[in-house]
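All remarks here apply to the structure that follows.
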Amino acid sequence: MRMIYMKTFLKKDPGEEHNFWMSYTDLMSGFLVVFIILSAILFNHFTKKTEEAEAARVKYDELIEKYNKAIYELENSGRDIDSCLVANSKLKSQVDSLTYIVDSLRKNDMKNLITQYRSVFVYDPNIKVTIDTSRGSIILTHQNSSKDLFVSGYDYVYGDLKAYLDKVGKNIVIKTIDLYNSGYKNIELRIEGHTDPRWAGYGEDDRFLMNLDLSSRRANNVYEYILKNTGLNDYQKRFVKKHMIGIGYSFSHRLLDNSETDTSKDPSSRRIEFRIISK
């Protein structure tokens with residue numbers, strides 16, 4: 001019985017062997033299909049990446065071309081800019097020259113305005129009036145060259161100068177207001193104090209500083225006298241405060257460059273000036 005069973009077990013069924021090979025063939029066919037599908041997917045992926053790489057290369061070439069074109073245009077424009085800079089420099093030089101001419105004409109015009117005061121600074125037997133169009137000023141000194149407008153070393157307004165300011169002080173302000181109203185809005189009338197270089201017992205630096213203080217006080221006292229003692233109304237006083245000023249120059253603007261021992265000519269340097277400027 002056992003022998004029959006073993007024989008039966010060991011005996012191959014032809015149909016069973018056929019089924020085995022069919023299953024193996026089906027398995028291999030399945031692997032082949034999977035391989036084909038994977039190959040197709042990989043091929044498509046490779047093709048896509050190749051196309052993307054080609055597109056990137058084309059774009060890169062385009063950018064390089066644009067860059068080279070930009071460099072070329074920049075270099076050419078650089079030469080144009082240099083030309084423009086040269087032309088602009090020449091133009092600026094011409095503008096500066098014209099500005100200088102205009103400023104000079106304006107300054108000369110302001111200086112020539114001082115002649116408008118000719119009728120204001122009337123003749124006086126004691127006060128000498130000199131019109132200096134080169135500086136745009138009217139110079140007051142004493143008619144007698146041996147006398148001064150101020151007491152030597154002092155700053156107060158007195159005597160002949162005081163009497164003259166009583167006569168012309170208000171009219172100086174009125175004339176300046178008239179010029180302002182006629183269009184000279186930047187007008188400024190300076191009252192300048194000037195001295196000679198003398199101050200016994202001191203060196204040049206100390207003499208200059210001491211005379212600077214003295215000339216400033218004299219100019220400001222003339223300013224104060226006109227403001228307070230010549231009958232100005234409130235509007236005229238406000239104008240004076242805004243458009244007139246007192247300033248001292250010590251002996252930095254001597255009229256005659258003579259030695260300090262030449263006292264016969266130094267009175268020309270000891271003076272008061274009314275000067276027109278554009279502020």
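Values quoted throughout were computed directly from the atomic coordinates according to the rules given, and no laboratory measurement underlies them. Since the structure is predicted, the reported quantities are computational estimates derived from the model, not experimental observations. Backbone-built Cβ (ideal geometry, glycine too); neighbour counts: all protein chains shown.
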Please list 202-209, 132-139 highest first by mean number of surrounding beta-carbon atoms within 10 Å per residue.
132-139, 202-209
I want to check the label-to-label distance for Lys147 and Ile177. Put each point 7 Å from Cα in the C-beta direction and report it in nm to one decimal.
3.2 nm
Note: the range 157-279, point scatterers on Cα, Debye, no solvent; log10 I/I(0) at q = 0.09, 0.12, 0.13, 0.23 Å⁻¹ equals -0.29, -0.50, -0.57, -1.26
Which entries of Lys162/Lys185; Lys242/Lys279; Lys128/Lys167 have Cα-Cα distances beyond 21 Å here?
Lys162/Lys185
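If packing is taken as the average count of other Cβ atoms within 10 Å, what order do 180-186, 146-152 fall into, highest mean first?
On the way: 180-186: 12.3, 146-152: 15.4.
Highest-to-lowest ranking by the protection proxy: 146-152, 180-186.
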